[in-house]
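Shown next, in C-alpha cells, is the structure this report addresses.
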C-alpha cells in the first residue's frame, strides 16, 4: 500500500496545474553534482532547448594527472509549467581513470578512455525566473567494456546549483 501512495503523491506533485502561464523557467543552470552521471562528482551546465526538453554537459578534469571524465546528457521535464519536475534522460560519457564500480574495475589500464551510458530518473526543483536548483536522481550507469560486455551499476546522485 505504501508504494502505491508514494507513486500517487509523486504523480500529483508533477501534474500540478501551471502557476502562471506568463512565466517561463530559466533557460540556463549550473550546478555541482555528487555521484550521479559524473560517477564521483561533476560540475554541470544545463540549457533548456524548449519548454520541455534540455541538455546538459558536465565533467571533472583532474588537473596534474591524466584522469578525467565528461558526459553529455539530454533530458525531458514532465511539468514545464511548474516548479517541481520529474526529469528523465540518457547520455554518453567517457572517463579515463582507475575505478571500481559495480564489479567493474579499470585498474588494468587507468589511462585508456572508456565509455558509459548514464540514465537519469529523478526529481528537479527549479523555480520560475531562476534561483536555487535541487536535483535528486536514480542514475544507473551502463559501463561499456572493450570486450563488448555491458555492466549495469545501480547509482544515484544529488545536485545543488543556480538557474538564470
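What the table below lists for this structure:
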{"read-out": "Hits in segment 125-152 - residues which are part of a strand (DSSP E or B) and surrounded by fewer than 16 Cβ atoms within 10 Å (Cβ to Cβ)", "value": "125, 131, 132, 134, 136, 138, 150, 151, 152"}
{"read-out": "Qualifying residue in segment 71-80 (condition: surrounded by 14 or more Cβ atoms within 10 Å (Cβ to Cβ), over 15 Å from residue 139 (Cα atoms), modelled with pLDDT of 75 or more and out of contact with any helix residue (DSSP H, G or I) (no Cβ under 8 Å at 6 or more places or on another chain))", "value": "yes"}
{"read-out": "Flag if residue 122 is within 15 Å of residue 37 (Cα to Cα), touching a helix residue (DSSP H, G or I) at 6+ places or on another chain (Cβ under 8 Å) and either at pLDDT 80 or above or surrounded by 14 or more Cβ atoms within 10 Å (Cβ to Cβ) (or both)", "value": "no"}
{"read-out": "Within segment 36-56, tally of residues that are within 14 Å of residue 95 (Cα to Cα) and assigned to a strand (DSSP E or B)", "value": "2"}
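The values are calculated or read from the model by the stated rules, or taken from the named source; none is laboratory data. Note that the structure is predicted; figures quoted are calculated from it, not measured. Note that we place each Cβ from the backbone using ideal geometry, even for glycine, and neighbour counts take in every protein chain shown.
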